[in-house]
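Read-outs throughout are calculated quantities, based only on the coordinates presented, and are distinct from any laboratory measurement. The structure presented is a predicted model; accordingly, all values stated were derived computationally and were not measured. Reconstructed Cβ throughout: ideal geometry from the backbone, glycine too, with neighbour counts over all protein chains shown.
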Amino acid sequence: MANPLFSDRNVDFLLYEVLHLEGLLALPAFSEHSRETCDLFLQSCRKLAREVLFPSYRRLDAEPPELREGAVHVHPLLREVLPRMVELGIVNASRPTSVGGQQLPMTVASFASAYLMAGNLSAYGYLGLTSGAARLLESFGSAALKEQFMDRMYSGEWTGTMALTEPQAGSSLSDVSTRATPRDGGYYAIQGSKIFISGGDHDLTENVVHLTLARIEGAPAGIKGVSLFAIPKKRWQDGALRDNDVRVAGLIHKIGWRGLPSLALNFGEDGECRGWLVGEAHRGIYYMFQMMNEARLMVGWNGIATASAAYFEACEYAAERPQGRPLSAKDPTTPQVPIIEHADVRRMLLRQKAIVEGGTALLATTARYYDLAEHAPDAAQRAEAKMLLELLTPVAKTFPAERGFEANTLAVQVHGGYGYSSEYLPEAWLRDQKLNSLHEGTSGIQSLDLLGRKVIAGGGQAMALLQREIIATIRQARELGVNEDSTGRLEGALAALLSVTTHLALLGMRGQVEEMMRHSYDYLDLFSVVVIGWQWLAQAAAAQKGLREATSSSDFYQGKLCAAQYWLTTELPRVGYLAALCRTGEDSYARMQPSWF
């Protein structure tokens, strides 16, 4: 059986039995849509992912882009694949009709994109980045910039990038040194270098627009002096597209994501690079955080998509690979059984399922908050949804990346010795997955953001809202008959999370910032375990309801209850251990001196 990439049944379950998409579709913003139109869009994306993108994956991984004479040449297959995705309208599926979009709920558009990511994440990456860059111009660009750049990006005629990182700065964006000098004519002369720019050059479209952080001459030092610019590979001059002095300085040879080039770029080697200011001067970081946060959620979906494809590959292999006999078998001449009959293989598959479907539920829930933050009927609802969206973004980025890598490792393990070979796909997905914990802010950076900013924002208001959401799920699960052991475990884990959060926040208020943040990564891990427990309890509640109403096979719902039990009983006990680390401030690596290594 061909790899489904994602379970259609699970997607429908989350959309209609857990998140109740009908409620979103009742909002005025989505009045043109119904379950039928949403399902039709999803089905189109599933078909393209399975029949076009997935078959192209091996070739794009085996034959990465090449740098020849200063230009990047990608695999010819991409010239067939990219237009097919553009035709679907995936670039601006969730954007308003006023900018050519389909105005679908982000909850639906995210699932549609996830299928494409699972089919071939490198191919999708060109358009995912383009969508985020165009969205920046939609939010903050002038009418002229929208006409010149945004329209062509949303239509797929041109692609876009985010150009943040510099060789000397890495993730420290306050140290950006690319310079912008104002010139007559309303543009700026740009000089500087960027590195790790995904999709920064290619031969798929005639132009690439870089949304770039740079410092206007005389700007304040640090974050407050950084501005945002639109810098095209080619610029209009005398009615034609001309070179804009954007040079490829090098091609990064990645171990994964090999269909999407990652580049070092030089702006203004010949003094002829022009960029156009987006929004107001010195507000570049503020603007760019919109794209960064959206990209973090996209990374989360990439992580889950990659883990999901590998999980289904492992399930299929385990069901077909005969090896060994049951432990109770006495006769060595009896037929071998498929390895899925062995308990340890089922352990590995169930853990993958718990990670993949728990992470998918979290990302879908986050997408729902995104929709409500933009389109809920009153300001208070929009504000609450925005706070929950911002609180959960570091978790929705990091959990799929970190635990997704674990799931991918298990997929290799299920394949045994075959998994450790390039003849089977799991090793390629394992290589792809590793990048997700690195780009758009490492897991360590996400932990600092969560603990240092998000949980204490507004005096802890976002945490109070999350507590309300989780308690409501616990109450609903009890009403629907989910066993008390499961609901009680989540209730206790939530109490532990809230307690340690208060403890750490008080340390920060007393100026003990080092002590507060010492175990921020462990805090993020703790937070993730609880949040995924919340998602599994919500799914268990919906599964209990489904079992009551089921008129046919109950296998799907029983599988949900089993996976929920697994997470709630094997993972939630880790909360106590992680909370103790955070509370006691164990200081081994804080005390460790560089010269002692």
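Points worth noting:
- Put a plus charge on the Cβ of each Lys and Arg, a minus charge on the Cβ of each Asp and Glu, and nothing anywhere else: the dipole of the range 29-164 about its Cα centre is then about 220 debye.
- Ranked list, fewest to most other Cβ atoms within 10 Å of each Cβ, for ASP344, ASP245: ASP344, ASP245
- Note on the range 552-584 and the range 298-339: Cα centroid distance 22 Å, given to the nearest whole angstrom.
- Shape class for the range 333-444, computed from the alpha carbon gyration tensor (a ≥ b ≥ c): prolate, with a/c not under 1.5 and a/b above b/c.
- Once the C-beta distance of GLU157 and HIS20 is scaled by a Förster radius of 30 Å, the resulting FRET efficiency is 0.20 to the nearest 0.05.
- Computed with the Debye formula from one identical point scatterer per Cα of the range 135-214, without solvent, the log10 of I(q)/I(0) at q = 0.12, 0.14, 0.16, 0.21 Å⁻¹ comes to -0.39, -0.54, -0.71, -1.11.
- Note on the chain: helix-only mean residue ellipticity at 222 nm, from DSSP H runs of 4+ residues weighted -39500 (n - 2.57) and normalised by residue number, equals -17500 deg cm²/dmol.
- Each residue of the range 369-377 was assigned a 3J(HN,Hα) from its phi angle through the Karplus curve 6.51 cos²θ - 1.76 cosθ + 1.60 (θ = phi - 60°); the sequence is 5, 4, 4, 5, 4, 9, 10, 4, x Hz, with glycine and proline shown as x.
- Anisotropy class of the range 159-281 from Cα gyration tensor, a/c 1.5 cut: oblate
- For the range 149-163, 3J(HN,Hα) computed residue by residue from phi via the Karplus equation (6.51, -1.76, 1.60; θ = phi - 60°) reads 10, 4, 4, 6, 6, 5, 7, x, 5, 10, 10, x, 9, 10, 10 Hz, glycine and proline entered as x.
- Less than 5 angstrom separates the built amide H of GLU166 from those of ILE195, all sequence-distant by 5 or more or on a different chain.
- Relative contact order of the chain: 12 percent, from C-alpha pairs under 8 Å at least 6 residues apart in sequence.
- Nearest-20 debye value, the chain charge dipole, Cβ charges on Lys, Arg, Asp, Glu: 640 debye
- Charge tally in the Cβ shell below 10 Å around LEU77, where Lys, Arg are +1 and Asp, Glu are -1, LEU77 excluded: 0
- Taking a ≥ b ≥ c as the square roots of the Cα gyration tensor eigenvalues, the range 484-560 comes out prolate, since a/c reaches at least 1.5 and a/b is larger than b/c.
- Loop-located trypsin sites (Lys or Arg not before Pro) in the range 323-418 (DSSP state not H, G, I, E or B) with no more than 12 neighbouring Cβ atoms inside 10 Å: LYS330.
- Cut-off under 5 Å, modelled amide H: who pairs with VAL72 long-range: HIS202
- A viscosity of 1.306 mPa s and a temperature of 10 °C, combined with the Kirkwood radius over Cα pairs in Stokes-Einstein, give a translational diffusion coefficient for the range 244-286 of 123 µm²/s.
- Modelled this way, with points 7 Å down the Cα-to-C-beta line, the labels at VAL513 and GLN168 are 2.4 nm from one another.
- For the range 507-515, Karplus couplings with θ = phi - 60° (6.51, -1.76, 1.60), whole Hz, Gly/Pro x: 4, x, 5, 8, x, 8, 5, 4, 5
- Alpha carbon centroid spacing (whole Å) that separates the range 7-58 from the range 211-263: 34 Å
- Listed residue (MET516, VAL575, GLN476) projecting farthest to the positive dipole end of the range 472-597, Cβ model: GLN476
- Local electrostatic count at LEU25 - Lys and Arg +1, Asp and Glu -1, tallied over other residues with Cβ under 11 Å: -3
- Packing, taken as the mean count of other beta carbons within 10 Å per residue, orders the peptides 322-329, 89-96 from highest to lowest as 89-96, 322-329.
- Residue range of the chain that is longest and free of GluC sites (Glu not before Pro) which are both DSSP loop and sparsely packed (at most 13 other C-beta within 10 Å): 424-597
- Of the trypsin sites (Lys or Arg not before Pro) found in the range 448-542, those in coil by DSSP whose Cβ has at most 11 other Cβ atoms within 10 Å are ARG510.
- Most positive-pole-ward Cα, ALA26, THR159, TYR286, against dipole of the chain from beta carbon charges: TYR286
- Amide H contacts under 5 Å for ALA249, placed H, 5+ residues apart: ALA264, LEU265, ASN266
- Projecting the Cα atoms of CYS562, GLY546, GLY185 onto the charge dipole of the chain (Cβ charges, centred on the Cα centre) puts CYS562 farthest toward the positive pole.
- Annotation for the range 309-345: chymotrypsin sites (Phe, Trp or Tyr not before Pro) lying in DSSP loop with at most 15 further Cβ atoms inside 10 Å of their Cβ do not exist.
- For the pair the range 85-152 and the range 155-170, the centres of their Cα atoms are 16 angstrom apart.
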